[in-house]
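S.K.: One structure, as structure tokens, below. Some questions next.
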Amino acid sequence: MYRSTVVAALAVLGCALAPAWAQNVKVTPLGGIDGEFCPQDRALIFEDANGTRILYDPGRTVAGANDPRLGKIDIILVSHMHGDHVGNAHNKAPNSGTCESPDMSVSAIPNSSAVNIALAKKSKIVTGSEMPPFFAAKLKANGGDPANSILARFGGSVTVGGVRIATVTAMHSNGLDPDYIGGDLGKAMKDAGIAGDVGLATGYVLRFSNGLVAYLSGDTGITADQELVVRNHYNAKLAVMNIGDGFTTGPAEAAYVINELVKPASVIPSHANEVGTVSGKVRPGSKTEAFVKALKIPAHIPLSGKTMEFDAAGKCVAGC
Ligand SMILES: [Zn+2]
């Protein structure tokens, strides 16, 4: 009697748990050095339970379109046009250079690494603001399909591959380096110290097919929208937050954003612009450590190549 009750209970639990486990969102950092969190690390792959794979801010640590870690890429997100996000240069291969002194020896000018990857993988590039015409023109100029550059401007959203994608405010700059323009115009702009206008920088809010809502900050300062829009409207449960200071929120400001404004269940720090870990452990005295210590919720360090899984509530359930 007892045994049959237990077996029946386990069967019920099994049925209840298996689908939930299968519906996790997988997050895999593509950083500079396997198992570490390094200065240039921005790139993350989000894999929906339905198989849709999204590359966020390829930056300089994805070794171009031939990086074997990429696999299938359905969607590329670019928060803004700065070279460490769109990828003006990149490493020769994964793990080339060191964590402290990364290899960024391969130029991706004038296309950008994001465009080169999109061309090779036939990915959609989903951006906000006024960036889509830039990406459409680059795709077209290189034999790709300009229709693969898709707009999601502030306040709206698009659903691609079963993932709902919206852009949100980022308090930052977004000048286009004239190197992407080239020719006499690009040279004249470069000489004058003027960048191209592609609208405002952005962050993203993604709603995955399991219901998980993730906020990707991009480069930003503290904004009222982090509470008013990201928390109150979208109810983000997982955040990727830039902590590098100088260019974006530093550890104290980023912790305030997470603790008091967004209030997700978990956060992944990003864009630390420092050696964040040594042998996979947070480096004492680092900005990464200061951020983690100031948080009221769990932080999950993005160790390159290490896949983490998040459930619909934003809880890390594997790989953390
Ligand atoms: Zn930036």
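The values are calculated or read from the model by the stated rules, or taken from the named source; none is laboratory data. Keep in mind that what you see is a predicted model, and the values were worked out from it rather than measured. Note that we place each Cβ from the backbone using ideal geometry, even for glycine, and neighbour counts take in every protein chain shown. Remember, those area values only see protein heavy atoms, side chains included, never the ligands or the DNA or RNA. Shrake-Rupley method; radii C 1.70, N 1.55, O 1.52, S 1.80 Å.
S.K.: So what is the relative contact order of the chain, in percent, for Cα pairs below 8 Å that sit 6 or more residues apart?
M.R.: RCO, the chain: 18 percent.
S.K.: Given a cut-off of 23 Å, name the pairs among 26/293; 92/140; 138/187 whose C-alpha atoms lie farther apart than that in the structure shown. Before the final figure, lay out each step's value.
M.R.: Values: 26/293 25 Å; 92/140 26 Å; 138/187 18 Å.
The pairs that break the limit, which is 23 Å between Cα atoms, are 26/293; 92/140.
S.K.: Taking amide hydrogens as modeled 1.01 Å from N in the peptide plane, which residues meet the under 5 Å criterion relative to residue 124, leaving out close sequence neighbours?
M.R.: Answer set, sorted by chain and number: 75, 76.
S.K.: I need the P(r) histogram for segment 68-138: all alpha carbon pairs, bin width 5 Å from 0 out to the longest distance, whole percents.
M.R.: 4, 15, 25, 26, 17, 9, 4, 0
S.K.: Scan around residue 43 for amide H atoms under 5 Å from its own, H built in the peptide plane at 1.01 Å from N, and keep only partners 5 or more places away or cross-chain.
M.R.: 30, 61
S.K.: With a 1.4 Å probe and all protein chains kept in place, how do 81, 104 rank by accessible area, largest first? Working shown, then result.
M.R.: Working: 81 5, 104 75 Å².
Result, largest first: 104, 81.
S.K.: Keeping every protein chain present and rolling a 1.4 Å probe, give me the accessible area per residue for segment 13-119 in Å². Please list the in-between numbers first.
M.R.: Details: 3640 Å² over 107 residues.
Heavy-atom SASA per residue in segment 13-119 reads 34 Å².
S.K.: Then there's this: Leaving out ligands, DNA and RNA, what percent of the accessible area of the chain is carbon and sulfur, probe 1.4 Å?
M.R.: The nonpolar share, carbon plus sulfur, comes to 58 percent.
S.K.: Another one. Using unit Cβ charges (K, R positive; D, E negative) and no other charged atoms, how large, in debye to the nearest 20, is the dipole of segment 14-142 about its Cα centre? Let's see the in-between values first.
M.R.: Numbers: 12 positive and 12 negative charges, 112 e Å.
Computed about the Cα centre, the dipole is about 540 debye.
S.K.: Regarding the chain, what whole-number volume in Å³ per residue does the convex hull of its Cα atoms give?
M.R.: Spelled out: Cα convex hull of the chain, divided by residues, is 143 Å³.
S.K.: Now a separate question. Compare the Cα positions of 176, 39, 163 along the charge dipole of the chain (+1 at Cβ of Lys, Arg; -1 at Cβ of Asp, Glu; about the Cα centre) and return the one farthest towards the positive end.
M.R.: Most positive-ward Cα: 163.
S.K.: Oh, and also: Gap in Å between the Cα centre of segment 125-171 and the Cα centre of segment 172-211?
M.R.: Using only Cα atoms, the two centres lie 13 Å from each other.
S.K.: Give me the distance between the Cα centres of segment 58-109 and segment 261-320, rounded to whole Å.
M.R.: Result: 21 Å between the Cα centres.
S.K.: Between residue 306 and residues 5 or more places away or on another chain, which pairs have amide H atoms under 5 Å apart, with H built 1.01 Å from N, and which residues are they?
M.R.: 35
S.K.: Solvent-accessible area per residue for segment 186-236 at a 1.4 Å probe radius, Å²? List each step's numbers first, then the result.
M.R.: Working: 2120 Å² over 51 residues.
Accessible area per residue: 42 Å².
S.K.: Any idea how far apart residue 173 and residue 247 come out in nm if each label point goes 7 Å out from Cα toward Cβ?
M.R.: Placing both labels 7 Å along Cα→Cβ, they lie 1.2 nm apart.
S.K.: Remind me, relative contact order of segment 26-119 in percent, using alpha carbon pairs under 8 angstrom and six or more residues apart?
M.R.: Dividing the mean separation by the residue count of segment 26-119 yields 28 percent.
S.K.: Another question about this same structure. Magnitude of the Cβ-charge dipole of the chain, K/R +1 and D/E -1, about the Cα centre, nearest 20 debye? Could you put the intermediate results ahead of the total?
M.R.: Numbers: 28 positive and 28 negative charges, 201 e Å.
With only Lys, Arg, Asp and Glu charged at Cβ, the dipole is about 960 debye.
S.K.: Rounding to the nearest 20 debye, state how big the charge dipole of segment 183-249 is about its Cα centre with +1 on each Lys and Arg Cβ and -1 on each Asp and Glu Cβ.
M.R.: Numbers: 5 positive and 7 negative charges, 64 e Å.
Its charge dipole is roughly 300 debye.
S.K.: If you don't mind, there's one more thing I want to ask. Can you classify segment 210-320 as rounded, prolate or oblate using the Cα gyration tensor, where a ≥ b ≥ c are the square roots of its eigenvalues, rounded means a/c under 1.5, and otherwise it's prolate if a/b beats b/c and oblate if not? Could you put the intermediate results ahead of the total?
M.R.: Details: a/c = 1.99, a/b = 1.16, b/c = 1.72.
It is oblate, given that a/c is not under 1.5 and a/b is not larger than b/c.
S.K.: Per-residue ellipticity at 222 nm for the chain, helices alone: DSSP H runs ≥ 4 residues times -39500 (n - 2.57), over residue total, nearest 500 deg cm²/dmol? Provide the component values of the computation, followed by the final result.
M.R.: On the way: 6 runs with 64 residues, N = 320.
Calculated at 222 nm, the ellipticity per residue is -6000 deg cm²/dmol.
S.K.: Work from the charge dipole of segment 208-260 (Cβ charges, +1 for Lys and Arg, -1 for Asp and Glu, about the Cα centre) and give the residue of 244, 214, 226 farthest towards its positive end.
M.R.: Projecting each Cα onto the dipole axis, the largest value belongs to 214.
S.K.: Something else about it: Which whole-Hz ³J(HN,Hα) couplings does segment 30-43 yield from phi under the Karplus relation 6.51 cos²θ - 1.76 cosθ + 1.60, θ = phi - 60°, glycine and proline marked x?
M.R.: 10, x, x, 9, 3, x, 10, 10, 10, x, 8, 5, 9, 5
S.K.: List, in order, the whole-Hz ³J(HN,Hα) value for each residue of segment 294-307 obtained from phi through the Karplus relation with A = 6.51, B = -1.76, C = 1.60 and θ = phi - 60°; use x for Gly and Pro.
M.R.: Each residue's phi maps through the Karplus curve to give 7, 7, 9, 10, x, 9, 10, 6, x, 7, 4, x, 9, 7 Hz.
S.K.: Let me ask something additional. Using the Karplus curve 6.51 cos²θ - 1.76 cosθ + 1.60 with θ = phi - 60°, what ³J(HN,Hα) values do you get for each residue of segment 108-114, in whole Hz, with x for Gly and Pro?
M.R.: So the Karplus estimates, Gly and Pro as x, are 10, 7, x, 7, 5, 5, 4 Hz.
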